[in-house]
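The values are calculated or read from the model by the stated rules, or taken from the named source; none is laboratory data. On a predicted model such as this, the values are computed, not experimentally measured, just so you know. When we count neighbours, we look across all protein chains shown, and the Cβ atoms used for this are built from the backbone with ideal geometry, even at glycine.
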Amino acid sequence: MIKSMTGYGGAKSEGVDSAISVELKSVNNRYLDCNIRISRSYMFAEEAIKSAVSSRISRGKIDVNVSVDVGGAESVQVSVDEGLAKGYIDAIKALADGFSLDTGLNAFSLSRLPDVMTACRNDPDKDEFLSGLLSVTNDALTEFEAMRSAEGDKLSADVSSRLETIEEYVTLVESRSSQTTEAYRQKLFKKLSNVLGDTAIDEQRILTEAAIFADKTAVDEETIRLRSHISQMRQMISDGSPIGRKMDFLVQELNREANTIGSKCLDSELSKIVIEMKSEIEKIREQVQNIE
């Protein structure tokens, strides 16, 4: 089974103290490029996420968005510095007595004085949090891979269909190539007959010229290699991902052989076949860019 490099996957987990959400999106890329967006408070989990992604994905530009929503008041601890508060009260009372003023003190006004009250969030246990985060990440990766596999099935069907078409064109090239040699022999014989008239024509000489022509325009080696490359690509599709880079190389080889055949063509019908073949190869090349 082959896989596409484009896909999306997401998963969520809601607990008593926190909710974790992980989303993955990917596009084509020559290598694996994993970018993670996560709150600074949880940056310690970044490498573990990258490791989880790289263990299941080999190519593509992957964007991983991690959202952590911690619990409410129970996750925040508020403390009162009673000694500091008493110091403020004594100082304010002394100030009020010294200038015959009302202190104006109450609990709220006292709490607003610097450092009397401090609030700090209870950080989750790192190991426990990381375990939960990786569990959600793996769930998101499972959905992500399912989508990539579904897209890969479509790519596989399209590439396989085009390989069959190319193979049909190869058969036509082989058939047309032999016909071209015979047509050249007949054309040469006709020209010599018109020029020499009743003079005897050396049949052996015509056969020799036809043989030289056939050697110059022979495409046997190219068609054999084309069939070999087609067979290899089918085997790769059967073996499954990751095969994108190997297939990209073979597409280049298919195109090279088609170009060589085209350069040897002295027949308009054969040239049309080669053009159609190259069109199919180009369409495969475009699809291969999406394969992992």
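Among the residues making up region 259-270, a single one is surrounded by fewer than 18 Cβ atoms within 10 Å (Cβ to Cβ), modelled with pLDDT of 80 or more and over 35 Å from the mean Cα position of the chain (by Cα): Glu269.
Of the residues making up region 28-58, those that are among the charged types (D, E, K, R) and modelled with pLDDT under 90 are Arg30, Arg40. Taking the numbered list (1) farther than 24 Å from Ala19 by Cα; (2) surrounded by 14 or more Cβ atoms within 10 Å (Cβ to Cβ); (3) not basic (Lys, Arg) in turn, Val80 passes all entries but (2).
Being under 25 Å from Ser241 (Cβ atoms), at pLDDT 85 or above and not assigned by TED's automatic domain parsing to the domain that holds Ile284 holds for only one residue in Thr165, Thr142, and it is Thr142. Taking the conditions (1) in contact with a Lys or Arg (Cβ under 8 Å, 6 or more places away or on another chain); (2) charged (D, E, K, R); (3) part of a helix (DSSP H, G or I) in turn, Asp33 satisfies each one other than (3).
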